Structures are given as structure tokens and as C-alpha cells.
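Report on the structure given below.
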Amino acid sequence: MGKYFGTDGFRGEANVDLTAEQAYKVGRFLGWYYGREHKANVVIGKDTRRSSYMLEDALSSGLTASGADVYLLHVTPTPSVSYVVRSENFDCGIMISASHNPYYDNGIKVINGNGYKLEAEVENRIEAYLDGEIGELPFATRENIGKTVDYSLGRHRYIGYLISLATRSFSNMKIGLDLANGSASTVAKGVFDTLGAKTYVINSDPNGTNINAGCGSTHIEGLQQFVVENGLDAGFAYDGDADRCLCVDENGRLLTGDAILYLCGSYMKERGELSNDTIVTTVMSNIGLYKALDAKNIRYEKTSVGDKYVYENMMNNGHCLGGEDSGHIIFSKHAVTGDGILTSLKIMEVMLEKKTKLSELVKELVIYPQLLKNVRVKDKEAAMKDEAVLKAVGQVEAELGENGRVLVRGSGTEPVVRVMAEAVSDAVCEEKVEKIVAVLRERGWVVS
């Protein structure tokens, strides 16, 4: 984990933790780094946050000052940047977004020439430049100064690509979309309309400060009610940059990433399309998913939290489906990162090909109750290595046996220890989590 770049880019409150000056310097470094042997070409997308425009200008200034040409996709989903980079041979791409965070946060996600997240080695060099550990970089001059280009065409090509993946018309399907007042507002409705769905949309009027505000994949209750009230066949909710998707069935029941992995994985196995009969999950996936996959003779592998780790496992082992319960789902045949709109299209494919309602497709999946508590501590690494804490975790694991599990891990971005339990009831979850939190408190690690 770097000083600035975490598991999902350089993220923080705009002009507090992530400033325009820092964005300019990131652009300066990337323009120089990719332009050492030729004129660099970089594509930039952004979400709908007020600060995204400021950071776009700062990045563009830094890139062009170093000699790079910059192609602007404007407001667009993160996966569209990945698609354009790898399909049109850009040196790298940049997405300006803090994903599901509040509007006042923002982030810089750098995507390499293969359409995937930037290598840690390059991130470390950017950080060294930000901290003044690398000397000043040369400026481009005269005809070598870079330019910016309106590249809305790239986003339109991405839309065309999504439409081309549909196996059937969506006619006669009534679909709800919660666009989170974010990046999906430029893409999702057009895709579903073109495919013939009767599309019902909420939270599609971004104003710079309402992204993720009580809507989208982090506030699913609005879509649940909307689907039931309008008698829809399904609903899909995206986050601010549309790289994740959660689903609601016709009864208003939530299908998280685990349910989506089960739904799509079972369908792909039936069709002989699930490579190695294996799904890649993170350690946060529910024990109910694993029991349901066992019943289908589908294998699974677990990675650390973060879609970058999921994708690394998929590529290293030849798997084609993986994701997180939060809704980052990767279909490696079609994309190299999570893509919320693509995920919703794949769910539609299962429904249409099997001619079955969503509720029926997941009826055999039983999700165990889960409780997660975030505990702010003085030192997360030391707290998790404390012998008394480890002993308490071991006791809880023994008490739960095969009917649950416990997971204690540190946050990737905050001084927080996350304590999670799954069990047969909410009461048991509360009891087991509190047992571990009590030990953290007794040992003096908790910050009140």
C-alpha cells in the first residue's frame, strides 16, 4: 500500500487530501513516463463530481506540459476508459472518480495500456515525484507540447460494444435502473433502450453534489421500492463510476455480488463456459455462496479484498468469472475490470435464455446473516497481531464451526480494523463480533 495510491487509486477529499497541484504533477509524470520514446497518447474519463472538472483540467495541463496528447471522454464509466485504452492502443488511461464515496471525495485511477490498473512499481515512482524525491521533469516545448482532443467517440464505441454483447432482444422486459446520479447516466439507459427494454430510470440528474447521495448501489432501498411499485421484471443499481452493479428481483429482493456470481456461474457451467468450473471470490463472500456452489460442483478460490486481486488470480489461473460481494464482477472474456452495465447485461442474458424470473434463478442460494463492525484503533497492524485478540478470534471460529465464520482484517485506507461474522442468525453474529471487539477494547486498542 503506497502513501497516496491505495487498492483503487489515489483517493481523498478534493483539495484537502487530493489537490489540483497533485493532479497536475501526476499528469506531468505520466506524460513524461509514457512519452520517453514516442509522443504519449492518454485518454481521460470522469464521473459527475463537482471536483472532477478541476482535476481533469489539472491532469490535462500536466500531461500536455510533458508532451502527451490527451483525449477526453468526459463523463463516462470507469470500464469505458479500460475498454478504450486496450481497444485503441492508448498508452494509458485515467479515470477521475471516487467510486461510491460521497461527492466531496475524488480519486485518480490510472489504467495501463492493457486496460488494467497501473503497476505498483509505476505508482511508487509517481509517489516519489509527488514527494520531491525525483528531480524536475523536462517540459515539452514548441511543436512538442501536447494537445487535448474531444473524444466522445470513444464512449460511443464502448456503448456499441456493450450492445453487441446482448444475445437476445429485451423487448417486453420492464427494467428499472438506478444511475446514482453518476457516470452511468451517460450510458445505461441508451443501452437498455436500444436493446428494446421498457426502461424506468431513477437518479439520473447529476448536479455535481448528488452522486451516490441516498441512491445507487450503496442505497439500494430506493430501487427495491421502485421495482415493486412499478411491477418491473428486475432493477439494476450502479455506483458513481458504474464499475459495480447490484440487482433487485421482481419481488424487490436484493441480489448482491455473491448472488450474481452464483447466478451467472451456474448458468455458465451449464453451458460449458465456466473455465475450470471455478469462480474467484474475495474473503468477504458469504459462506452461503460457498455452500450453494458446492451443491453445484462449482469450485472457488478466495483472494484479498479488491477487484485487482480477483483479476490477478483469474489471469494467473485461467479463470473467467470472479468478483466481490459489493458488485464488482469481472467477465474476463469481455472485460479486464468490473463493469456494472456489462454485469446487468449478463444477468439479463440468464433471465432471457432460461425464460425464468430472477427470484427462481437464485432460490437455492441461502445467504447467511452477516455483521460487519468497523473499529477505529490506534495501530491496526499491532492490534490484529495481539495474542489476546488472536485467541478470541480462534475461540469464535471454534464456536461457529461449519455454521459460520469470522474475519478480522485491516482497512486499506483508514486506521480501522473490520470485524465480520457470519452465522445462522443476526443474534449470533452480534454476539461473536462483540466478543472480539470487547477484547480489542480491553487491550486498549480502540480509539473512542
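Do any of LYS198/LYS302; LYS198/LYS291; LYS109/LYS174; LYS117/LYS174; LYS117/LYS380 go past 30 Å between their Cα atoms, and which?
LYS198/LYS302; LYS198/LYS291; LYS109/LYS174; LYS117/LYS174
Using +1 at the Cβ of each Lys and Arg and -1 at the Cβ of each Asp and Glu in the chain, identify which of ALA188, SER66, ALA242 lies farthest towards the dipole's positive end.
ALA188
What ranking do GLU229, GLU301 get, fewest neighbouring Cβ atoms within 10 angstrom at the top?
Result, fewest neighbours first: GLU229, GLU301.
LEU400: net charge of surrounding residues, Cβ under 9 Å, Lys/Arg +1, Asp/Glu -1, itself excluded?
-2
Please report how far the C-alpha centroid of the range 382-448 lies from that of the range 260-300, rounded to the nearest whole angstrom.
27
Going Cα to Cα from LYS296, which lysines come in below 25 Å? Please leave out same-chain ones fewer than 8 positions away.
Those lysines meeting the cut-off are LYS269, LYS333, LYS346, LYS354, LYS355, LYS357, LYS363.
In percent, what relative contact order does the range 370-442 have, based on Cα pairs under 8 Å that are 6 or more apart in sequence?
Relative contact order comes out at 41 percent.
Putting +1 on Lys and Arg Cβ atoms and -1 on Asp and Glu Cβ atoms, find which of ILE44, SER99, THR78 reaches farthest to the positive end of the dipole of the range 34-103.
SER99
Can you give the Rg/Rh ratio of the range 310-448, where Rg is from the C-alpha atoms and Rh is the Kirkwood radius? Kindly include the intermediate steps, with their values, before the conclusion.
Details: Rg = 19.0 Å, Rh = 17.7 Å.
Ratio of gyration radius to Kirkwood radius for the range 310-448: 1.08.
Could you work out how far the C-alpha centroid of the range 41-107 sits from that of the range 311-348, in angstrom?
So the separation of the two Cα centres works out to 22 Å.
Anyone know which of GLU324, GLU349, GLU364 comes out most mobile in the 10 Å Cα GNM of the chain?
Top of the fluctuation ranking is GLU364.
Test of understanding: in a Gaussian network model of the chain with alpha carbons linked when under 10 Å, which of ILE436, ILE44, ILE111 would top the mean-square fluctuation ranking?
In the Gaussian network model the winner is ILE436.
Most mobile of ARG155, ARG168, ARG50 per a Gaussian network model of the chain (Cα springs, under 10 Å)?
So, out of ARG155, ARG168, ARG50, the one fluctuating most is ARG168.
May I ask you to sort THR148, THR278 by Cβ crowding, counting other Cβ atoms within 10 Å and putting the fewest first?
Working: THR148 17, THR278 21.
Neighbour counts put them in this order, fewest first: THR148, THR278.
Quick one: of the DSSP bridges fully inside the range 5-152, what percent are antiparallel, nearest 5?
About 40 percent, rounded to the nearest 5.
Excluding PHE10 itself, calculate the net charge of residues whose Cβ lies under 10 Å from the Cβ of PHE10, where each Lys or Arg counts +1 and each Asp or Glu counts -1.
That works out to -1.
Kindly state, as a whole number, the per residue volume in cubic angstrom of the convex hull around the alpha carbon atoms of the chain. Walk me through the numbers before you get to the answer.
On the way: hull volume 64.8 nm³, N = 448.
Spelled out: Cα convex hull of the chain, divided by residues, is 145 Å³.
Looking at the chain, send over the antiparallel percent of its DSSP beta bridges, to the nearest 5.
55
What's the magnitude of the charge dipole for the range 1-143 around its Cα centre, counting Lys and Arg as +1 and Asp and Glu as -1 at the beta-carbon? Answer in Debye, nearest 20.
With only Lys, Arg, Asp and Glu charged at Cβ, the dipole is about 240 debye.
Can you check how the C-alpha radius of gyration of the range 31-147 compares to 2.2 N^0.38 Å, as a plain ratio?
Values: Rg = 13.8 Å, N = 117, 2.2 N^0.38 = 13.4 Å.
Here the answer is 1.03, to two decimals.
Give me the percent relative contact order of the chain, please, defined on Cα pairs under 8 angstrom at least 6 residues apart.
Rounded, it is 12 percent for the chain.
Distances longer than 19 Å among the Cα atoms of the range 370-442: what percent of all pairs is that?
Within the range 370-442, distances greater than 19 Å cover 27 percent of Cα pairs.
Let me know the charge dipole size of the chain about its Cα centre in debye, to the nearest 20, where only the beta-carbon of Lys, Arg (+1) and Asp, Glu (-1) is charged.
Taking the Cα centre of the chain as origin, the dipole is about 500 debye.
What number, in nm² with one decimal, is the all-direction average of the projected area of the convex hull of the alpha-carbon atoms of the range 165-361?
Details: hull surface 40.4 nm².
For the Cα atoms of the range 165-361, the hull's average projected area reads 10.1 nm².
None of the figures in this text is laboratory data; all of them are computed from the coordinates on show. This one's a predicted model, so the numbers in the text were calculated from it and none came from an experiment. Counting neighbours? That spans all protein chains shown, and the Cβs are built from the backbone with ideal geometry, glycine included.
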